[in-house]
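For reference, the structure is listed below as structure tokens.
We did not get these values from a lab; they are worked out from the coordinates using the rules stated. Not measured: the values here are computed from a predicted model. All Cβ positions, glycine included, derive from the backbone under ideal geometry; neighbour counts span all protein chains shown.
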Amino acid sequence: MAKVLNITANPKPVEYSYSLSMAQAFLEAYRQESPNDEITEIDLYETDIPFVDKYVLSAWDKLQQGTDFDALSDAEKNKVGQMNQMVDQFTAADKYVFVTPLWNLSVPPKMKAYIDTICIVGKTFKYTEQGPVGLMNGKKGIHIQARGGMYSEGPAKDLEFGDRYIRGILSFLGVETAASVIAEGMLQCRIRLMTSSPRRWNGRNRRVRSLPSRFNKQQG
Ligand SMILES: Cc1cc2nc3c(=O)[nH]c(=O)nc-3n(C[C@H](O)[C@H](O)[C@H](O)COP(=O)(O)O)c2cc1C
């Protein structure tokens with residue numbers, strides 16, 4: 001039985017969000033294919049995630065110098081305790097579904113805050129003489145993203161930092177990225193959906209439904 005985390009960063013209701021509805025289609029297909037797997041859904045816009053601030057930095061400093069967790073200040077304990085729970089939940093999982101909208105060329109700030117809580121030295125990566133090395137080998141991730149504009153080609157091709165960032169972080173942690181599923185040009189698509197056929201949109205959902213088998217395939 002694999003443990004799957006579905007991590008979403010979108011304040012919209014699912015029926016107004018392309019990325020959330022793609023994720024829902026993916027999870028439905030995944031549940032059918034792997035009914036015994038345990039799926040935990042983390043809605044980051046309903047989750048209090050501490051930012052890395054002066055309390056977190058001073059707590060990390062003190063812990064590194066050998067201070068006991070109990071000897072930290074209340075603010076430090078609170079924030080670092082919460083972050084520890086999130087990274088422990090992350091390391092206990094086997095598969096990750098990251099779901100984001102493209103916001104200002106990147107991921108929403110809640111997703112960035114989450115990533116700051118899971119990139120932890122000694123837990124998800126370590127430093128070696130050759131540089132940092134991920135500790136999450138054998139795990140798999142996918143990224144589902146919706147974009148208003150077009151980035152796969154054209155003048156904005158080099159300006160997309162959301163999918164590139166998620167893939168970069170997964171690779172940094174040693175997680176194999178099984179796929180990115182991108183729906184782009186959705187602002188035009190929305191106008192087209194209102195005026196004509198939703199063929200392109202249905203095509204995306206078909207693709208996302210065919211993904212679970214790829215996600216389940218053994219690493220080669
Ligand atoms: C705050 C904000 C910033 C956005 N920035 C971009 C952007 O930089 N590039 C883009 O193509 N679309 C941008 N969009 C449009 C969204 O990517 C688009 O609406 C997409 O469908 C969002 O995904 P969702 O439908 O799952 O919410 C932005 C939307 C919002 C609300």
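Among Asp163, Asp48, Asp68, the largest mean-square fluctuation in a Gaussian network model of the chain, built with springs joining Cα atoms closer than 10 Å, belongs to Asp68. If you run the Gaussian network model on the chain, springs between alpha carbon atoms under 10 Å, then out of Pro50, Pro101, Pro35 the most flexible one is Pro35. The HN-Hα couplings worked out from phi for the range 178-186 by the Karplus form 6.51 cos²θ - 1.76 cosθ + 1.60 (θ = phi - 60°) are 6, 5, 10, 10, 10, 10, 10, x, 6 Hz, whole numbers, x standing for Gly and Pro.
Which of the pairs Lys62/Lys112; Lys112/Lys140; Lys54/Lys110; Lys110/Lys140; Lys110/Lys139 have their Cα atoms more than 26 Å apart in this structure? Table pairs above 26 Å Cα-Cα: there are none.
The angle between the Cα long axis of helix 199-209 and the main principal axis of the chain comes to about 40°, on a 0 to 90 degree scale.
Residues whose amide H falls under 5 Å from that of Leu135, counting only those 5 or more places apart or on a different chain, are Phe125, Lys126, with hydrogens built in the peptide plane. For the chain, the 222 nm mean residue ellipticity estimated from helices alone, with every DSSP H stretch of n ≥ 4 adding -39500 (n - 2.57) and the total spread over all residues, rounds to -13000 deg cm²/dmol.
Taking the Cβ of Thr8 as the centre, find all other residues whose Cβ is under 13 Å away and add up their charges (Lys, Arg: +1; Asp, Glu: -1).
That works out to -1.
Expressed as an acute angle from 0 to 90° and rounded to the nearest 10, what is the orientation of the C-alpha long axis of helix 74-92 relative to the principal long axis of the chain? It is inclined by approximately 50 degrees.
Just the number, please: percent antiparallel of the DSSP beta bridges in the chain, rounded to the nearest 5. Of the beta bridges lying entirely in the chain, close to 15 percent run antiparallel.
Have a look at Ala59, Ala146, Ala179 and tell me which one the Gaussian network model of the chain (Cα, springs below 10 Å) gives the largest fluctuation. Highest fluctuation of the listed residues: Ala59.
Backbone amide hydrogens, once placed in the peptide plane, bring Ile144 within less than 5 Å of Phe98, Val99, Thr100, Val181, excluding anything fewer than 5 places away on its chain. Rounded to the nearest 20 debye, the dipole magnitude of the chain is 1100 debye, with +1 charges on Lys and Arg beta carbons, -1 on Asp and Glu beta carbons, and the Cα centre as origin.
On C-alpha positions alone, give me the angle between the axis of helix 109-118 and the longest principal axis of the chain, in degrees, nearest 10. Approximately 50 degrees, to the nearest 10. Each Cα pair of the chain feeds into the Kirkwood radius, which the Stokes-Einstein equation turns, at 25 °C and 0.890 mPa s, into a diffusion coefficient of 131 µm²/s. The shape of the range 115-193 can be summarised by an equivalent ellipsoid whose semi-axes, obtained from the alpha carbon gyration tensor, come to 32, 13, 10 Å from longest to shortest.
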